[in-house]
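First comes the structure, then the notes that go with it.
None of the figures in this text is laboratory data; all of them are computed from the coordinates on show. Note that the structure is a prediction, hence the values are computed from the model and not measured. Neighbour counts run over all protein chains shown; Cβ positions are idealised from the backbone, glycine included.
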Amino acid sequence: MSTVVEARGLGKRYGDRWALAQCTLSIPAGRVVGLVGPNGAGKSTLLNLAVGLLAPTAGTVEVLGRRPGTDRAHLAKVGFVAQDAPLYATLTVAEHLKLGARLNPGWDVGYAERRVDRLGLDRGLRAGRLSGGQRAQLALTLAVGKRPDLLVLDEPAASLDPLARHEFLQDLTEAVADREMSVVLSSHVVADLARTCDYLIVLSTARVQAAGPVAALLAEHAPLSLEDLVLTYLSRGRHDDAEAAR
Ligand SMILES: Nc1ncnc2c1ncn2[C@@H]1O[C@H](COP(=O)(O)OP(=O)(O)OP(=O)(O)O)[C@@H](O)[C@H]1O
C-alpha cells in the first residue's frame, strides 16, 4: 500500500459554512504526518472524515484503500484517539487493557503492559478518576496497542506535561520504525511536529495550504525554519480568505 489516505474534493459543510472544502490529498504510507492549522481550520473535521466518524458532504476519502469504517476488519487497522481522549469512565485501567485485548485481534499485550507500568498508571483506578493527561496516555496506549496500520491522533500531546510529551513523541517515532505504522497527528505545537513528523499538511480556513515531505518543503523555502514556513502558509491562508470576503 503506497498511500494511506486518498482524499478527492473532500468537503464537509455545516449549514452554509464549510468546515473543510475541496480537500485533495494523497498521504503516502510509512510517514509520520503532521497536520497543523489555527483553531477552527478543519483539522478535526478532516481526521473524523478519515476515520469514518463523519460522512462527507462533497467528494470522497479512502483510507488504506477503502471507504473508512466499512467493516470491523478495516476498523481494526486504524487506531484513532479523538481530542477528548474518550474512555469508559467507570472501567478501570486494567479493564481497559482487557477490553483492548478482547476487541483487537492484533493486540500487543507486552507493549500495553510495559507502557502502563512506565507511566505508573494504577491498574485499579477507574478512568473517570484519572487526570486529563493520564487519560490521554491511556487512550494512546490503547490506540498503539492494537497495532494499527494507520494511527490517527487529534492533538495527542495537548494535555501532556513537557516530559510526558517528549517521551510520547519519542515512543511514537520508535513504534513507527518497529511496526511500519503510518501516523497522522494534528498539533498546534510546531516544535513537536518538527521533532516527529516527516510529512506536513497545513490547513487554514477549511483549505489545504500546503502538503508534502518536510525535507522538500524546507528545501523549497530555504532558509526558512519549519516554524517560519508554517507561519507563512497560515498567514497566506488568512490573507486569501480576507480577499475572498471582499
Ligand atoms: N458539529 C458541528 N456543527 C457546526 N459546526 C461545526 C461542527 N463541528 C465543527 N464545526 C465547525 O467547523 C469548523 C472546523 O472545526 P474543526 O473542529 O475541524 O477545527 P480544528 O482545526 O480541529 O480546530 P481546533 O484546533 O480548535 O481543534 C469550525 O468553524 C467549527 O466551528
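Rounded to the nearest 20 debye, the dipole size of the chain about its Cα centre is 740 debye, using +1 on the Cβ of Lys and Arg and -1 on the Cβ of Asp and Glu.
Each of 150, 162, 96 was placed along the dipole of the stretch 63-192 (beta-carbon charges, centred on the mean Cα), and the one lying farthest toward the positive end is 96.
Using Cα-Cα distances under 8 Å and only pairs 6 or more residues apart, what relative contact order does the stretch 105-171 have, in percent?
On the way: 33 pairs, mean separation 26.7, N = 67.
Contact order relative to length: 40 percent.
For the stretch 36-96, a simple Cβ point-charge model (Lys and Arg +1, Asp and Glu -1, everything else neutral) yields a dipole of about 200 debye relative to the Cα centre. Applying the Karplus relation 6.51 cos²θ - 1.76 cosθ + 1.60 with θ = phi - 60° to the stretch 129-142 yields 3J(HN,Hα) values of 9, 6, 6, x, x, 5, 4, 4, 5, 5, 4, 5, 4, 5 Hz, where x marks Gly and Pro. Mean residue ellipticity at 222 nm, helices only, the chain: -12500 deg cm²/dmol; runs of at least 4 DSSP H residues each add -39,500 (n - 2.57), and the sum is divided by the number of residues.
For the chain, the longest principal axis of the alpha carbon atoms and the long axis of helix 162-179 meet at an angle near 90°. Sequence-distant contacts, meaning Cα pairs under 8 Å at least 6 residues apart, place the relative contact order of the chain at 25 percent.
The string of couplings for the stretch 81-94 from the Karplus curve (6.51, -1.76, 1.60, θ = phi - 60°) is 10, 6, 4, 9, 6, x, 9, 8, 4, 8, 8, 7, 4, 4 Hz, one whole number per residue in order, with x for Gly and Pro.
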